[in-house]
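The values are calculated or read from the model by the stated rules, or taken from the named source; none is laboratory data. Just so it is clear, the structure is predicted and the values come from calculations on it, not from any experiment. All Cβ positions, glycine included, derive from the backbone under ideal geometry; neighbour counts span all protein chains shown. Accessible surface is based on the protein model in full, side chains and every heavy atom, while ligands, DNA and RNA are left aside. Shrake-Rupley method; radii C 1.70, N 1.55, O 1.52, S 1.80 Å.
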Amino acid sequence: MGELIYKSVESVVSRLKGRPYALERGITPSLLLGVLMRRCTWLLRGMLKGLLLQRRISLVFMAKGVNLRGASLIRLGKGVTLERGVIIDGLMRQGVVLGDHVKIGAYSVLVGAPVSNLGEGIRMGANSAVDAYSFIGSSGYVSIGENVIMGQHVGFHPENHDFDRTDVPIRAQGTTRQGITIEDDVWVGSNAIFLDGAHVGRGSVIGAGAVVRGTIPPYSIAVGVPARVIRSRKSEGTGNSDSGTRVAD
């Protein structure tokens, strides 16, 4: 009976995700049932909120306390998960777009600039995730690719304040906005910070606590403050991955 439950759940989730999905057999059927009930509750809440705020039914999982502001400017793909306390403010020039199966960790915030100087927008590609207590600001445009995984307390700050003058408060001197780009298949460690103008190439690893500005080439491993490339994931002249060094926990 237990194996039938496992296989039934795996079949349904695999169809939803569009790729093979396997459960850990160490999970007892009773614990699995608890998970399923919680996910069904989140799905029902997501469908009702979508109907009320966006006038459409979406297959979105929403925990308690999710706050969608400017909901008409937020686009949520199939299977998106918004954990407890997430705040998303869609009031940006290009809104917020979360691709299929994106996950936003608990108490994370996606927000733009004040209405007097609107931000550009945020996009996260399919199968990407950011963990709890993270902040994605959007004064400049933030583009995060597909299959990007990010730890807790990650911050995106796509704006710089001008401060050349001393006779005018810094807050009144204006800003510059280059935006931030994270390409596909990047692993970002906890507490990493991305500053305006950062561009991380495909397949890179950003170490925990790194402060990223400027360009990180594809398949790089970068650590430190400011982040610097310590090596490439590709062996010279081969394209094969080097042996792993854990820098992004």
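Miscellaneous remarks
- Residue list for region 1-30, filter: in contact with a Ser or Thr (Cβ under 7 Å, 6 or more places away or on another chain) and either surrounded by 13 or more Cβ atoms within 10 Å (Cβ to Cβ) or touching a residue at least 40 places away in the same chain (Cβ under 8 Å) (or both): Tyr21
- Region 134-157 - residue that is modelled with pLDDT under 95 and in a strand (DSSP E or B) and, of those, surrounded by the fewest Cβ atoms within 10 Å (Cβ to Cβ): Gly137
- Members of region 190-222 that are open to solvent by 40 Å² or more (accessible area, probe 1.4 Å), hydrophobic (A, V, I, L, M, F, W, C) and in a strand (DSSP E or B): Ile193, Leu195
- Subset of region 170-189 [within 18 Å of Met150 (Cα to Cα) and either open to solvent by less than 40 Å² (accessible area, probe 1.4 Å) or not in a strand (DSSP E or B) (or both)]: Ile180, Ile182, Glu183, Asp184, Asp185, Val186, Val188, Gly189
- Single condition Gly119 does not satisfy, out of (1) open to solvent by 10 Å² or more (accessible area, probe 1.4 Å); (2) over 17 Å from the mean Cα position of the chain (by Cα): (1)
Yes/no matrix, rows are residues, columns are (1) part of a loop (DSSP other than H, G, I, E, B); (2) in contact with a Ser or Thr (Cβ under 8 Å, 6 or more places away or on another chain); (3) open to solvent by less than 40 Å² (accessible area, probe 1.4 Å); (4) basic (Lys, Arg):
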| position | (1), (2), (3), (4) |
| --- | --- |
| Ser72 | no, no, no, no |
| Lys78 | yes, yes, no, yes |
| Arg84 | yes, no, no, yes |
| Ile88 | no, no, yes, no |
| Met92 | yes, yes, yes, no |
| Tyr107 | yes, no, no, no |
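- Among the conditions (1) at pLDDT below 95; (2) under 10 Å from the mean Cα position of the chain (by Cα); (3) of a type outside the set (Lys, Arg), the only one that Ala129 does not satisfy is (1).
- Residues of region 31-44 that turn out to be open to solvent by 60 Å² or more (accessible area, probe 1.4 Å) and either touching a Phe, Trp or Tyr at 6+ places or on another chain (Cβ under 7 Å) or among the basic types (Lys, Arg) (or both), as a count: 2
- Any hit, region 47-63, residues being open to solvent by 70 Å² or more (accessible area, probe 1.4 Å) and β-branched (Val, Ile, Thr): yes
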